[in-house]
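Okay, structure first, notes after.
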């Protein structure tokens, strides 16, 4: 058996589901009615779903010790956009919603334009314009 090459759901462990739900909703992301207030929030994206669950609930479910630090976790999520101007506009919007700017938008050595932020729980996000990865009509990058 092979494993399907797809990401269906990205789950972020958060300290406060309601606070994090408010953050992502303030970005204009559509909250699914399948969400359970203060327990789990599901957001529709152009790709897989994003879910928010209390960090302790995720670690308990997985049978691992909870992580108590917001230090870099070795994981980054990315939002590809259609232009460098959209990178800057998006970074302004997330900071206004409560994110912390990690790195302002700027030219990347690979020819694109990129900036970084962390959400209220310290999850690292990249907002990028990559001219080599055109976006389809849903905003999903299509690789050659």
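Is the C-alpha gyration tensor of the stretch 1-61 telling us rounded, prolate or oblate? Criteria: a/c under 1.5 is rounded; beyond that, a/b larger than b/c is prolate, otherwise oblate.
oblate
Would you mind telling me which residue in 93, 46, 65 has the biggest mean-square fluctuation in a Gaussian network model of the chain, where springs connect alpha carbons within a distance under 10 angstrom?
Judging by the Gaussian network model, the answer is 65.
Run the helix sum for the chain: -39,500 (n - 2.57) per DSSP H stretch of 4+ residues, divided by residue count, reported at 222 nm to the nearest 500 deg cm²/dmol.
-6500 deg cm²/dmol
For the pair residue 96 and residue 15, how long in nm is the line joining their label points, each one 7 Å along Cα→Cβ?
2.5 nm
Using the 10 angstrom Cβ neighbour count as an exposure proxy, how do 79, 64 rank, fewest first?
Fewest to most other Cβ atoms nearby, the residues stand as 64, 79.
Rank 125, 29, 110 by mean-square fluctuation in a GNM of the chain with C-alpha springs under 10 angstrom and give only the top-ranked residue.
Taking springs between Cα atoms under 10 Å, the residue moving most is 110.
To the nearest µm²/s, what D does Stokes-Einstein give for the chain at 20 °C and 1.002 mPa s, using the Kirkwood radius over alpha carbon pairs as Rh?
D, rounded to a whole number, is 132 µm²/s.
Compare the peptides 133-143, 35-45 by average per-residue count of other Cβ atoms within 10 angstrom and give them in order, highest first.
35-45, 133-143
How many nm is it between the label spots at residue 136 and residue 27, if each spot is 7 Å from the Cα in line with the beta carbon?
Roughly 2.1 nm, to one decimal.
Any idea what angle helix 17-26 forms with the longest principal axis of the chain, computed on alpha-carbon atoms, 0 to 90 degrees, nearest 10?
20 degrees
For a footprinting-style exposure proxy, rank 1, 76 by other Cβ within 10 Å, fewest first.
Details: 1 2, 76 12.
By the 10 Å Cβ count, ascending, the order reads 1, 76.
From the P(r) of the stretch 74-135, can you give the percent of Cα pairs sitting at distances over 17 Å?
Beyond 17 Å sits 31 percent of the P(r) for the stretch 74-135.
Coordinate-derived values only; no laboratory data. Note that the structure is predicted; figures quoted are calculated from it, not measured. Counting neighbours? That spans all protein chains shown, and the Cβs are built from the backbone with ideal geometry, glycine included.
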